[in-house]
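Colleague: Would you mind keeping the following structure in view while I ask a few things?
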Amino acid sequence: MQLYDMPDERGHFGQFGGSFVAETLVEALDELRVMYEKYRHDPEFLAEYAYDLKHFVGRPSPIYHAQRWSDKVGGAQIYLKREDLNHTGAHKVNNTIGQALLAKRMGKPRVIAETGAGQHGVATATIAARLGLECVVYMGSEDVKRQAPNVFRMKLLGATVVPVESGSKTLKDALNEAMRDWVTNISDTFYIIGTVAGPHPYPMMVRDFQAVIGVEAKAQMQEMVGRQPDAVVACVGGGSNAMGIFYPYIDVPNVRLIGVEAAGHGLETGKHAAPLSTDSAVGVLHGNRTYLMQDQDGNIIETHSISAGLDYPGVGPEHAWLKDIKRAEYVGITDDEAMSAFHGLCRTEGIIPALETSHALAHAEKMAKSMRKDEIILVNLSGRGDKDINTVAQLANITL
Amino acid sequence: MSRIKSTFASLKANNKKALIPYITAGDPHPNFTVEMMHAMVASGADMIELGVPFSDPMADGPVIQRASERALAHKVGLRKVLALVQEFRVNDDNTPVILMGYANPIEAMGIAQFAANAKAVGVDGVLTVDYPPEESEAVIAELGKHDIDSIFLLSPTTEAKRIDLVVKQATGFLYYVSLKGVTGAANLDVEEVKGRVAAIRKQTHLPVGVGFGVKDAATAKSVAAFADAVVVGSRTVLTIEQSSEEDLIANISALIQELRTAID
């Protein structure tokens, strides 16, 4: 039985979440909320969603016991939930399919999205192509540079990629610009938000679509090893892959839930993207109340991470809530630690993970060392690293 | 009586409409803000809407975004904005000042502290773009303790039932956003706005101002024919952006005079 019942009717997770938007967006959000309520338990809608997850995405994604890597690390057994094997190469597509099917039912011919690493942009462009929807993706110009392969993929799929030059030119600015587009084109446009942030109902809706990860994992772990893991570890930028695997585990006792944020150059340097693992203040950004990296005047400060997908100054409101009620723990992993785990997994398991995911892997590695050999850590391997080869090559001074 | 209420009352007695220019505090430099405010009043502004710079102005178009960036480059945040209002009040105790901005700077100061500080320096009204009525209970209560008006937006997509909810919470006046989109996005459709304002008036006795899309004197004039107040934002900020420091005050004064003449 699911005891945990969040958010409330207006999207609040305790003091977090809610719907902090300009009046011009209220009606569109109301419409979305009503339509999502209508379809979230609708058997026909869910069947269509399940069909696409199976036949278009390739779900269920397997769980893989990373035995050689576990042996090398020495300690707990590390299992990987292989979201990298999804069509388009990451967990993002679970959500874009759900939202695009909703857009179709709402009669919206145009979808827009923001993207950081480009995975959400690619997943949106993909489903837009499949459903015949016009697609515009906003991406910080800084990210356009460091994620060139994904930009090209989106264009191949027929999407228009708009580089965003304002602010810090990264994910948060792409989100601002997508919001501006939405408010201007509200009658024919559906905004597909890629993470568990934004105004209600987005944090709940994205979580629900991503929860397939945790639902599968619970059944698969039972089948593979006859029990649930001791800890579930996932990286957190906005927090969609983490929320997806955590959510079905919230009511399962004795399973630690650990979210891994980007500590960048180090939590003590201020150059990071880790609002939950530092003493950030609570504030309002992008339509919800959450922990935010900000200065004394409440302006959002620039974040740093080697991985574009974690380079975000806020975090989904449900993570803020899970931190406050102490159901989940949040830690930081630096650029260097993530890189080391990245190479480790490549060499011992033949899997090239995304740089975002490498943060979760690095923390699992740290934890495993002090755990017994019969203990189990399940890591959400949220995406594959092909998109990151330019960044990795650059760090090693290699020209591709 | 609050400054906003008495200003609307005396305008009405003289059969005039309110001209409310918007500038972003600290743009192009905090040294000019107070001088510009005085110059706008001298040129015919009835109230001043002062923007609080914010790093992520989601509801604003490129013109006001750039103004925010220029002000932030001089480290102008909410604390400095309040100090500028205090400085303005030294020589002007009559003209209402309305702060317009986003929720997070207020959250960072603390809602109660913000309301007390705003009162102390002479702020009359607060319009926070991303505090819709549903999330405004605390802020309305705190501002109310200090007789500061809570001003809310109504948009072309706000339905009658919701207008009811908004007008119950609003004080001072209502701000009708004349078009879908961000600030300064396009020219408004005067006939459509006229119909909307008439509909809003059936649900409230509060004055109704119109903004977002008032780009020239001619539009200001036609809007003033049916609205109680005309808010001019992006046009004012654009004039600031295109002026040299030497011409700034003269250009802003000329713009406000032109608008004043048009709406009278």
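Colleague: Express as a percent, rounded to the nearest 5, the fraction of DSSP beta bridges in chain A (both residues included) that run antiparallel.
Modeller: 30 percent
Colleague: When a/c reaches 1.5 or more, the comparison of a/b and b/c decides; with that in mind, is the protein assembly as shown rounded, prolate or oblate per its Cα gyration tensor?
Modeller: Because a/c hits 1.5 or more and a/b exceeds b/c, the protein assembly as shown counts as prolate.
Colleague: For A:Ala47 and A:Ile325, what does the FRET efficiency come to when R0 = 30 Å and r is the distance between their Cβ atoms, rounded to the nearest 0.05?
Modeller: In this case the efficiency is close to 0.30.
Colleague: Output the antiparallel fraction of DSSP beta bridges having both residues in segment A:174-325, as a percent to the nearest 5.
Modeller: Restricted to segment A:174-325, the bridges split so that about 60 percent are antiparallel.
Colleague: Alpha carbon centre of segment A:290-332 versus segment B:214-254: separation in Å?
Modeller: So the separation of the two Cα centres works out to 40 Å.
Colleague: How do B:Thr33, A:Thr115 rank when sorted from fewest to most other Cβ atoms within 10 Å of their own Cβ?
Modeller: Ascending number of Cβ neighbours within 10 Å: B:Thr33, A:Thr115.
Colleague: Okay, helix-only estimate at 222 nm for chain A: each DSSP H run of n ≥ 4 adds -39500 (n - 2.57), divide by all residues, round to 500 deg cm²/dmol; what do you get?
Modeller: Dividing the helical sum by the residues of chain A leaves -12500 deg cm²/dmol.
Colleague: Now a separate question. Using the Cα gyration tensor of segment A:301-400, with a ≥ b ≥ c the square roots of its eigenvalues, what is the shape: rounded (a/c below 1.5), prolate (a/b larger than b/c) or oblate (neither)?
Modeller: Oblate.
Colleague: Also, I was wondering about something else. Please arrange A:Cys346, A:Cys235, A:Cys135 by how many other C-beta atoms lie within 10 Å of their C-beta, fewest to most.
Modeller: A:Cys346, A:Cys135, A:Cys235
Colleague: Further, regarding this structure: Per-residue HN-Hα couplings for segment A:64-80, Karplus 6.51 cos²θ - 1.76 cosθ + 1.60 at θ = phi - 60°, whole Hz, x for Gly and Pro?
Modeller: 10, 7, 7, 6, 5, 5, 4, 4, 5, 5, x, x, 4, 7, 9, 10, 10
Colleague: Straight distance only, please: which lysines reach the Cα of A:Lys72 with their own Cα at less than 22 Å, same-chain residues fewer than 8 apart left out?
Modeller: A:Lys81, A:Lys366, A:Lys369, A:Lys373
Colleague: Let me check the size of segment A:282-328 from its C-alpha atoms; what are the radius of gyration and Dmax in Å?
Modeller: Rg, Dmax (Cα atoms, Å): 11.4, 31.
Colleague: Next question. Could you tell me whether segment A:158-306 comes out rounded, prolate or oblate from its Cα gyration tensor? Rule is a ≥ b ≥ c as square roots of the eigenvalues, rounded for a/c under 1.5, then prolate if a/b exceeds b/c, otherwise oblate.
Modeller: It is oblate, given that a/c is not under 1.5 and a/b is not larger than b/c.
Colleague: If you don't mind, another one. Counting other beta carbons within 10 Å of each residue's own, what order do A:Val57, B:Val237 fall into, fewest first?
Modeller: A:Val57, B:Val237
Colleague: Calculate how large, on average over all directions, the projected area of the Cα convex hull of segment B:145-246 is; give the answer in nm² to one decimal.
Modeller: About 8.0 nm², averaged over all directions.
Colleague: Also, I was wondering about something else. Short version: ³J(HN,Hα) in whole Hz for each residue of segment A:147-164, in order, from phi by Karplus 6.51 cos²θ - 1.76 cosθ + 1.60 (θ = phi - 60°), x for Gly and Pro, what are they?
Modeller: Running phi through 6.51 cos²θ - 1.76 cosθ + 1.60 with θ = phi - 60° gives 10, 3, x, 5, 4, 5, 4, 4, 5, 4, 7, x, 7, 9, 9, 9, x, 9 Hz.
Colleague: Can you list the HN-Hα couplings for segment B:62-70, worked out from phi with the Karplus curve (6.51, -1.76, 1.60; θ = phi - 60°), rounded to whole Hz and with x for Gly and Pro?
Modeller: x, 5, 6, 4, 5, 4, 4, 5, 5
Colleague: Another one. If I take the Cα coordinates of segment A:177-264 and project them onto the principal axes, what are the three extents in Å, biggest first?
Modeller: Rounded to whole Å, the extents work out to 52, 31, 18 Å.
Colleague: So, one more: Holding the Cα-Cα limit at 19 Å, pick out from B:Lys161/B:Lys221; A:Lys155/A:Lys387; B:Lys168/B:Lys221; B:Lys119/B:Lys145; B:Lys16/B:Lys221; B:Lys80/B:Lys145 the pairs that are longer than that.
Modeller: Over 19 Å apart, Cα to Cα: B:Lys161/B:Lys221; B:Lys168/B:Lys221; B:Lys80/B:Lys145.
Colleague: Between the alpha-carbon centers of segment A:73-102 and segment B:91-170, tell me the distance in whole angstrom.
Modeller: Rounded to whole Å, the Cα centres lie 43 Å apart.
Readers should treat all values here as calculations from the given coordinates under stated rules, not as data from a laboratory. Because the structure is predicted, anything quoted here is derived from the model rather than measured. Neighbour counts run over all protein chains shown; Cβ positions are idealised from the backbone, glycine included.
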